[in-house]
1. Considering (1) buried (at least 19 other Cβ atoms within 10 Å of the Cβ); (2) more than 9 Å from the ligand (Cβ to nearest atom), say which one Ala142 fails and leave the rest.
2. Please verify whether Asp194 is away from the ligand (no atom under 14 Å from the Cβ) and either in contact with a Lys or Arg (Cβ under 6 Å, 6 or more places away or on another chain) or at negative phi (or both), treating the condition exactly as stated.
3. In region 103-122, which residues are among the hydrophobic types (A, V, I, L, M, F, W, C) and either touching a helix residue (DSSP H, G or I) at 6+ places or on another chain (Cβ under 8 Å) or free of Cβ contacts under 8 Å to residues at least 24 places away in the same chain (or both)?
4. Of all residues in region 60-75, how many are over 13 Å from Ile22 (Cα atoms) and more than 13 Å from the ligand (Cβ to nearest atom)?
5. Keeping to region 148-184, report how many residues are more than 9 Å from the ligand (Cβ to nearest atom), polar (S, T, N, Q) and under 14 Å from Gly207 (Cα atoms).
6. What single numbered condition from (1) modelled with pLDDT of 95 or more; (2) in contact with a strand residue (DSSP E or B) (Cβ under 9 Å, 6 or more places away or on another chain); (3) of a type in the set (A, V, I, L, M); (4) surrounded by fewer than 17 Cβ atoms within 10 Å (Cβ to Cβ) fails to hold for Leu199?
7. In the list Ile106, Ile118, Ile92, which residue meets the criterion of being closer than 18 Å to Leu75 by Cα, more than 9 Å from the ligand (Cβ to nearest atom) and surrounded by 24 or more Cβ atoms within 10 Å (Cβ to Cβ)?
Amino acid sequence: MREIVEQVIKELTVSRGEAELIVAALLEKPRFGIYLNDSVDQGTRKLLHTRLMQLKTGMPLEYVTTKMQFMDYSLHIYPGVFIPRFETEYFIELIGKLVDFVPERILDIGTGTGAISIALAHLYPDAQIFATDISDIAIRCARENIKKYGLGERIHLTQCSICDGASTKFDLIISNPPYIPSSRLRSLPKSVRDFEPMLAIDGGQDGTQFIELIIQQTAEYLNPGGVIALEIDEDTTAILKKFLQVSGYDKFSFKRDQFRKYRYLFIGNLKNEKSKDIN
Ligand SMILES: C[S@@+](CC[C@H](N)C(=O)[O-])C[C@H]1O[C@@H](n2cnc3c(N)ncnc32)[C@H](O)[C@@H]1O
């Protein structure tokens, strides 16, 4: 095992700690469990080699192991499906802090792995959730994760664009949509550029195309007192503010992530914890 850890350090140019974490993830063991049985059989050695070569191409670890952690949930993930980020975990925490807000019907647009829906299903145990995605592989992946957590009766998946054909109204419409401006796609890290689906990332010319579509198309599906919550790019607050004002919205606020960047847009009449966020 020590020999394998050395090989990972060399091949991926990482520290010993990182190499141990990578080997642990590849073997699905806790970090210090990797040394417990120091000899590695031929089959495991071969598997590790194949996976190491995949990592060397820049493929994200999540795609190599087909597993990832989102909050308390251990999710399946496949190449072609967007890898949920820490910012989205924080987004869920912010939603959970909204005062006197217990949505009964939730729409999750662009569900990907199903991460947001699964977390919200636990946060609001009485809610019914409708999750959409246009991507076939994302829908299959979300279905697997929803089944894993026994939520098939409460999370309803539809493969469609935005919320085509929705026949009900919602208290919470949430999305982590594609929001990276097209001009910035080329400067994304190689692991994102080469491996993650552009369909999940490309937000059009200024990064707001999909967000504006969601706001326009979901207006008729929001219950009175309902909230639209969207993850956004930090550089798009001014464009979105103008769009909302021109579209006649006056109740909205931008909220910050854990790094103090404005990364979320909330539309609706919110009762928040005290905050200095911009309106
Ligand atoms: C940034 S990813 C977010 C995935 C997941 N919600 C998360 O937070 O990890 C955006 C998702 O939107 C989906 N998507 C892109 N265009 C769409 C459309 N027109 N209608 C519905 N979903 C779409 C993508 O397939 C992708 O799964």
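1. Every condition holds for Ala142 apart from (2).
2. Criteria met by Asp194.
3. Result: Ile106, Leu107, Ile109, Ala115, Ile116, Ile118, Ala119, Leu120.
4. 3
5. Result for region 148-184: 2.
6. So the condition that Leu199 fails would be (2).
7. The conditions single out Ile118.
Per-residue answers, yes or no, for (1) surrounded by 14 or more Cβ atoms within 10 Å (Cβ to Cβ); (2) in contact (Cβ under 8 Å) with a residue 12 or more places away in the chain; (3) charged (D, E, K, R):
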| site | (1), (2), (3) |
| --- | --- |
| Ile4 | yes, yes, no |
| Gly17 | no, no, no |
| Ile22 | yes, yes, no |
| Ala25 | yes, yes, no |
| Pro30 | no, no, no |
| Gly43 | no, no, no |
| Leu48 | yes, yes, no |
| Arg51 | yes, yes, yes |
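The values are calculated or read from the model by the stated rules, or taken from the named source; none is laboratory data. Just so we're clear, the structure is a prediction, and the values are computed from it rather than from any experiment. Note that each Cβ is placed from the backbone with ideal geometry, even for glycine, and that neighbours are counted across all protein chains shown.
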